[in-house]
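Note sheet for the following structure.
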Amino acid sequence: MSNRPAAEVRDDRRQSGRRQFGRALLGGSLLAAAGGLSWAAFADGGARAGDPDGAGPVTLATGRDTTGYLRAVLADWNRAHPGEPAELVELPEAADEVHAQLAGELGRGGSRFDVLNLDVVWTAEFAAQRWIAPLDPAQFPLEHFLPPVLSAGRYAGALYAVPYVANAAMLYYRSDVLAGTGLRPPTTWAELERLAATVAPAHGLAGYGGQLRPYEGLSVNALEAVRSAGGDLLDASGGVVVDSAQARTGLDFLAGGLRAGWIPKEALEYQEEESREAFQSGRLLFLRNWPYVYPAAEGSGSGVAGRFGVVPLPGPHGPGSGVLGGSGLAVSRFSRHQRTARELIAHLTGRQVQRRVLAEGGLPPVWADLYADPDLLARFPYLPVLRRAILSAGARPGIPQYQQLSLAFSESAYEVLRGRRTAADGLARLAGDLRDIVR
């Protein structure tokens with residue numbers, strides 16, 4: 001995946017989401033039969049499955065590697081495995097385009113890709129479609145991983161994707177501005193609102209920015225607010241619970257900020273990069289965003305280098321509820337060299353490479369002990385905050401229809417944030433839509 005987690009999508013998301021929903025509904029009737037790796041020879045569209053025991057050259061399909069670290073990692077693998085080299089296949093940076101290309105290839109039974117770097121929200125869909133093979137947990141160092149990431153790779157009780165990158169959002173703040181006024185960063189929504197509404201304009205800044213454009217980013221921002229207030233989209237059994245007082249409170253918090261002005265109207269068009277640029281150029285007091293922003297904001301040319309910090313996302317009465325991001329590595333069921341693919345995944349999720357994921361790629365690793373590594377802490381001082389954020393984060397609904405659910409949620413939330421509907425009306429309508437999606 002890209003250095004930005006799961007959320008960078010284009011304006012054609014409505015159409016692509018509907019296409020993906022059709023595929024996801026189909027996948028609900030194509031669950032893998034029991035028997036582990038010994039699946040039937042034919043699957044979707046009559047495509048022949050690959051070879052679970054095959055060894056040989058493999059490809060790793062991923063969103064664009066903007067830092068270039070993966071090529072060096074694979075070069076080391078290739079030197080040690082000359083008969084089973086791994087080739088990096090870089091797909092576009094935008095998550096929806098990566099999803100479309102992977103789904104298109106696998107949906108026709110293509111064997112171009114062997115190892116797939118999947119966003120955590122795609123695992124259920126790809127597993128239900130029988131596009132990826134179940135994995136033996138004993139082959140991978142799962143006991144060393146941060147606990148929340150383990151559930152993201154499972155579907156229907158089986159492991160389908162080995163966690164590779166973790167992610168959770170943090171609250172960035174202008175430490176120079178708060179220190180100059182003798183104030184501390186906010187720990188509750190009330191403190192965030194007060195500081196964004198009073199301190200920010202006194203210093204010529206906008207108050208707070210998140211990712212509020214109608215796409216996956218808004219789904220995540222809105223879900224964080226809803227869960228922080230004690231609500232949710234679905235309950236543990238998959239029932240729709242979004243039409244609740246708690247969910248309305250969460251969505252009203254964001255909508256109220258826009259009405260009051262401490263969230264600028266420009267945030268309604270922010271994705272990850274627009275919001276990062278607004279903070280990095282010195283226009284925002286607070287920013288909700290992912291860890292990739294930290295090294296960029298400390299980099300050469302940044303308007304806030306050395307003048308910002310990070311804390312956990314606030315909630316109504318203390319720390320808020322984050323949403324787990326990241327990616328996992330899966331094996332294409334159509335791969336002819338699945339044994340090599342599994343061995344490559346074990347290599348990529350081992351401690352040595354996981355350290356490089358952070359040190360060279362700037363991405364949050366899944367190995368727990370790396371968050372206390374003294375050398376890494378010196379280079380990435382935000383690691384303790386990030387670790388807390390990941391440990392407290394919750395996964396998005398792990399259902400095959402997630403793409404359509406997210407589309408409906410982001411569009412409904414956007415209507416509320418724009419003031420076109422009340423939270424009560426918007427969530428009541430959304431509840432009906434979600435019941436149709438998940439039934």
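The values are calculated or read from the model by the stated rules, or taken from the named source; none is laboratory data. What you see is a predicted model, and the numbers here were worked out from it, not measured in a lab. Cβ sites come from the backbone with ideal geometry, for glycine too, and all protein chains shown count toward neighbours. Side chains are part of the model used for accessible areas, which takes the heavy atoms of the whole protein and leaves out ligands, DNA and RNA. Shrake-Rupley method; radii C 1.70, N 1.55, O 1.52, S 1.80 Å.
Structural remarks
- Criterion violated by Glu90 - all others in (1) in a helix (DSSP H, G or I); (2) over 17 Å from Pro400 (Cα atoms); (3) in contact with a strand residue (DSSP E or B) (Cβ under 8 Å, 6 or more places away or on another chain) satisfied: (1)
- Residue count for the stretch 67-96, restricted to those that are of a type in the set (Gly, Ala, Ser) and either at pLDDT 95 or above or over 24 Å from the mean Cα position of the chain (by Cα) (or both): 5
- Tally of residues being part of a loop (DSSP other than H, G, I, E, B), free of Cβ contacts under 8 Å to residues at least 40 places away in the same chain, out of contact with any Lys or Arg (no Cβ under 9 Å at 6 or more places or on another chain) and charged (D, E, K, R) across the stretch 380-439: 2
- Phe126 under 20 Å from Asp51 (Cβ atoms) and buried (at least 19 other Cβ atoms within 10 Å of the Cβ): yes
- Once the stretch 236-252 is narrowed to residues that are polar (S, T, N, Q) and part of a loop (DSSP other than H, G, I, E, B), the residue that is nearest to the chain's Cα centre (by Cα) is Ser237.
- Of residues in the stretch 329-359 being open to solvent by less than 10 Å² (accessible area, probe 1.4 Å) and part of a loop (DSSP other than H, G, I, E, B), the one farthest from Ala128 (Cα to Cα): Thr349
- Unique match (being open to solvent by less than 20 Å² (accessible area, probe 1.4 Å) and touching a Phe, Trp or Tyr at 6+ places or on another chain (Cβ under 6 Å)) among Leu70, Leu106: Leu106
- Filtering the stretch 262-308 to residues that are in contact (Cβ under 8 Å) with a residue 24 or more places away in the chain, in a loop (DSSP other than H, G, I, E, B) and touching a helix residue (DSSP H, G or I) at 6+ places or on another chain (Cβ under 6 Å) leaves Trp262, Ile263, Gln271, Pro291, Val304, Arg307, Phe308.
- Residue match in the stretch 302-321 (condition: among the polar types (S, T, N, Q) and within 15 Å of Met170 (Cα to Cα)): yes
- Matching option when the condition is farther than 14 Å from Leu434 by Cα, β-branched (Val, Ile, Thr) and either surrounded by fewer than 24 Cβ atoms within 10 Å (Cβ to Cβ) or touching a strand residue (DSSP E or B) at 6+ places or on another chain (Cβ under 7 Å) (or both), among Val240, Val220: Val220
Okay, residues lined up against (1) more than 18 Å from the chain's Cα centre (by Cα); (2) surrounded by 21 or more Cβ atoms within 10 Å (Cβ to Cβ); (3) at pLDDT 95 or above; (4) among the basic types (Lys, Arg):
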position: Leu102; (1), (2), (3), (4): no, yes, yes, no
position: Val115; (1), (2), (3), (4): yes, yes, yes, no
position: Val121; (1), (2), (3), (4): no, yes, yes, no
position: Gln139; (1), (2), (3), (4): yes, no, yes, no
position: His144; (1), (2), (3), (4): yes, no, yes, no
position: Ala152; (1), (2), (3), (4): no, yes, no, no
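- From the options Gly362, Gly326, Gly309, residue that is modelled with pLDDT under 95, open to solvent by less than 40 Å² (accessible area, probe 1.4 Å) and in contact with a Phe, Trp or Tyr (Cβ under 9 Å, 6 or more places away or on another chain): Gly362
- Members of the stretch 374-395 that are open to solvent by 20 Å² or more (accessible area, probe 1.4 Å) and not hydrophobic (A, V, I, L, M, F, W, C): Pro374, Asp375, Arg379, Pro381, Pro384, Arg387, Arg388, Ser392, Gly394
- Residue match in the stretch 240-247 (condition: in contact with a helix residue (DSSP H, G or I) (Cβ under 6 Å, 6 or more places away or on another chain), closer than 20 Å to Ala428 by Cα and free of Cβ contacts under 8 Å to residues at least 60 places away in the same chain): no
- Residue match in the stretch 203-215 (condition: among the aromatic types (Phe, Trp, Tyr) and either part of a helix (DSSP H, G or I) or at pLDDT 95 or above (or both)): yes
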